[in-house]
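The values are calculated or read from the model by the stated rules, or taken from the named source; none is laboratory data. Given the structure is predicted, the values throughout are model-derived calculations rather than measurements. Here the Cβ is made from the backbone with ideal geometry for all residues, glycine too, and neighbour counts use every protein chain on show. Heads up: the accessible areas ignore ligands, DNA and RNA and are worked out on the full protein's heavy atoms, side chains in. Shrake-Rupley method; radii C 1.70, N 1.55, O 1.52, S 1.80 Å.
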Amino acid sequence: MTRPLILVSNDDGIRAPGLRTLAEVAAEFGDVVVCAPTEERSGFGHAITLRASLRSEAAPEFGPNWYAVSGTPVDCVYLAALHLCERLPDLVLSGINPGYNLGADVFYSGTVGAAREGMIRGTSALAVSVEGDTPPAVAVPFIRELVPTLLERGAAGERHLLNLNVPRSGAPRGLHVTRLGYRCYDDQVDKREDLMGRSYFWIGGPPSPLDEKADADIGAVSRGYAAVTPLELDITAPDLDDWARWIEQKRSS
Ligand code: MN
């Protein structure tokens, strides 16, 4: 049997310590290609570069089959899956991000964006984040638990997208399967003035206390568990009938 091909990426750039840790775990399970942004691209979500060219450089100083791409995390996965890898990878791993990606963070996160791009390109994917500045190694036991499952289910023709978040505690208490919670941030628009007297802004405030709902990712990590949230590409609301009725009523009134 051929060894699985695993593509590793991130949003923190090719030099990020979490990327090396993730590539090392990946190598336990398959042949590894690493393709990551040249610079940090945190918060780039699912951005793709369509109006500018991309450069891809081999980065042998980091390892064989390491590439740095002058674009976003999604650019990296797109280019690697379709061009740099000799075939479509069996799995995309993204991270290990220093900082949680919980609740609505998944829409902003480049870490999750890269994983989701793997799913769109036709392969299972796992995004990995740890609390704050926790050493990335804290996530390794959980990655070792999830990767064989994704590969097995992938071999059976199933594709899955998982979002893993691991808290700081020395040994997290276990792994909970969760849904996305509701993560609140303090809204913040900070208006400042440059030397020419023109205004400029910093947006984005700190997270407010975590939502404690039992089945939510946010509640699980706050109780010391690692949280794995299976995600779907289809974010359509579950009940279309309600909207169909509402529109029908509006039309007939
Ligand atoms: Mn990041």
Original post:
Among rounded, prolate and oblate, which fits region 69-162 when a ≥ b ≥ c are the square roots of the eigenvalues of its C-alpha gyration tensor, a/c under 1.5 means rounded, and a/b larger than b/c means prolate?
Top reply: oblate
Subject >> Other-chain or far-sequence residues with amide H under 5 Å of residue 178's (modelled H) >> reply: 228, 229
**OP:** Quick one: dipole size for the chain, taken about the Cα centre, charges +1 on Lys/Arg Cβ and -1 on Asp/Glu Cβ, in debye to the nearest 20.
**Re:** 180 debye
**OP:** Using amide H atoms built 1.01 Å from N in the peptide plane, name the residues 5+ places from residue 66, or on other chains, whose amide H lies under 5 Å from its own.
**Re:** 34, 59
Original post:
Order of 201-208, 79-86 by packing, highest average Cβ count within 10 Å first?
Top reply: 79-86, 201-208
Original post:
Under the rule of -39500 (n - 2.57) per DSSP H run of 4 or more residues, summed and divided by the residues of the chain, what mean residue ellipticity at 222 nm is obtained, to the nearest 500 deg cm²/dmol?
Top reply: -8000 deg cm²/dmol
Subject >> Mean separation of Cα contacts under 8 Å, 6 or more apart, over the residue count of region 7-81: relative contact order % >> reply: 37 percent
Subject >> Relative contact order (percent, whole number), region 95-253, Cα cutoff 8 Å, 6+ residue spacing >> reply: 23 percent
Original post:
What accessible area per residue, rounded to a whole number of Å², is obtained for the chain using a probe radius of 1.4 Å?
Top reply: 55 Å²
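Given the peptides 42-49, 192-199, 131-138, arrange them by the average over their residues of other C-beta atoms within 10 Å, most packed first.
42-49, 131-138, 192-199
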Original post:
Among 217, 187, 90, what's the order by accessible area (1.4 angstrom probe), most exposed first?
Top reply: 187, 90, 217
**OP:** Find how much the distance from residue 201 to residue 235 grows on full extension, using 0.36 nm per residue of separation minus their present alpha carbon separation; answer in nm with one decimal.
**Re:** 9.1 nm
